[in-house]
Amino acid sequence: MSNELNQDLVVGLDAGGTRTRAVLATAGDGRPLGEGVAGPGNALTVPVPQLTEQLAESVGRAVPERARGRVVAVAGGFAGATGASPDEPGRLNALAALTAALGGLGIATETVGIHSDIEAAFASAPGAPADGLALVAGTGAVAARIAERRCAATVDGDGWLLGDDGSGFWIGRSAVRAALRMADGRGRPTALAAAVGRALGLPEEALPYEADVLPYGTNAPRHEKDGAASGKWSRAQREAFRMHLLPAVMAQPPVRLARLAPLVAEAARRDDAVAGAILDEAAGQLTDTVRALEPRPGERIVATGGLLGPEGPLTAPLTSRLRALGLTLDQVPDGCPGAVALARLAHEGHG
């Protein structure tokens, strides 16, 4: 390792809504040498001082102090930096934070590239392609048409308040909504009520009894179906559920609802119809997002994000929908390989 650190090095960053990951690699062949992980790195929603800290922590862990003078290029893919203009606020925030973080670490490279997370994800595909379509579906959701390694058109990526349809946040919020609708009598029974309640720390006595929801998929209370004795979820318990659930949700940043998405995937695997409908609608939302880019049959679409990996809950339903459009998903694990590729290209004068 010590000899490898004596050659020219590059750093690639994947800064998303949940974590920031940095990879140190050789400039010559892109071989990874080190990695560091820190907290959220969305360039629009994370204040610049905090973003600077996250970047400094991740890069500091990836790059040993003795190697920092060998770094010749740094490139980062940032959530929230989706605009094509270099004057877009997210890109400006990312540049300010990354420049400050590198300066604090003693990394003096003049080659610093700011890209959107979706540009970095697209470049992670084999051969670091320059043109095509990309889709990111993790905490947030965004699709883009990439031309010459830059976003030429973007669909969604509008954040938890205005968009990110079909994202992890969208799924998590839908789970809470389903739980509340079950509690107040407007929605179908679902195992998500108890699962969400436990995840948010609600008292056990406020949660619905297992007997209040039949085996996954039937969506009819047992006491209504066969008259068997059960612990019917009383109105008082429902009110207690709501009373505890709402403050628990409001006490945390809204985007953290994305952490509930795995509960929906698990319930759907066990044939809970409400959870299955949420995932089905999420896949439909992402399909609409891609369709808005007017894809051509056979066009390459690179996809990444926790919802679209090999075990991702939306991989199968989305793949089926995109196949009908003549598209095939080309999955990549994250944007770090692409960020490394973009840093290497910039160092070579091709970025």
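The values are calculated or read from the model by the stated rules, or taken from the named source; none is laboratory data. These numbers come from a predicted model, not from an experiment. All Cβ positions, even for glycine, are placed from backbone atoms using ideal geometry, and neighbour counts span all protein chains on display. With ligands, DNA and RNA removed, areas are computed over all heavy atoms of the protein, side chains included. Shrake-Rupley method; radii C 1.70, N 1.55, O 1.52, S 1.80 Å.
Which fully enclosed helices (runs of 4 or more DSSP H) of the stretch 65-164 have 2 or more residues being of a type in the set (S, T, N, Q)? Don't jump to the end; show me each part of the working.
Working: elements: 89-105, 117-123, 159-162.
Qualifying helices (runs of 4 or more DSSP H): 89-105.
A quick yes/no check of all residues on (1) in contact (Cβ under 8 Å) with a residue 12 or more places away in the chain; (2) open to solvent by 10 Å² or more (accessible area, probe 1.4 Å); (3) under 30 Å from L192 (Cβ atoms); (4) touching a helix residue (DSSP H, G or I) at 6+ places or on another chain (Cβ under 7 Å):
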| position | (1), (2), (3), (4) |
| --- | --- |
| A277 | no, yes, yes, no |
| A282 | yes, no, yes, yes |
| D288 | yes, yes, yes, no |
| P295 | yes, yes, no, no |
| G305 | yes, yes, yes, no |
| P310 | yes, yes, yes, no |
| A316 | no, yes, yes, no |
| R323 | no, yes, yes, no |
| L345 | yes, yes, no, no |
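Take the conditions more than 20 Å from G349 (Cα to Cα), in a strand (DSSP E or B), touching a residue at least 12 places away in the same chain (Cβ under 8 Å) and in contact with a helix residue (DSSP H, G or I) (Cβ under 8 Å, 6 or more places away or on another chain) and apply them to V10. Does it pass? Talk me through it step by step, then tell me what you get.
Details: more than 20 Å from G349 (Cα to Cα): no; in a strand (DSSP E or B): yes; touching a residue at least 12 places away in the same chain (Cβ under 8 Å): yes; in contact with a helix residue (DSSP H, G or I) (Cβ under 8 Å, 6 or more places away or on another chain): yes.
So V10 fails the test.
Looking only at residues that are buried (at least 18 other Cβ atoms within 10 Å of the Cβ) and among the small types (G, A, S) in the stretch 325-343, which one is nearest to E110 (Cα to Cα)?
Selected residue: A343.
Conditions (1) among the hydrophobic types (A, V, I, L, M, F, W, C); (2) surrounded by fewer than 21 Cβ atoms within 10 Å (Cβ to Cβ), marked per residue:
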site: P126; (1), (2): no, yes
site: P129; (1), (2): no, yes
site: L135; (1), (2): yes, no
site: E148; (1), (2): no, yes
site: D158; (1), (2): no, yes
site: L161; (1), (2): yes, yes
site: G168; (1), (2): no, no
site: V176; (1), (2): yes, no
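Working only within the stretch 15-26, note down all residues that are open to solvent by less than 30 Å² (accessible area, probe 1.4 Å), at pLDDT 95 or above and either of a type outside the set (A, V, I, L, M) or farther than 20 Å from T139 by Cα (or both).
Across the stretch 15-26, the qualifying residues are T20, V23, L24, A25, T26.
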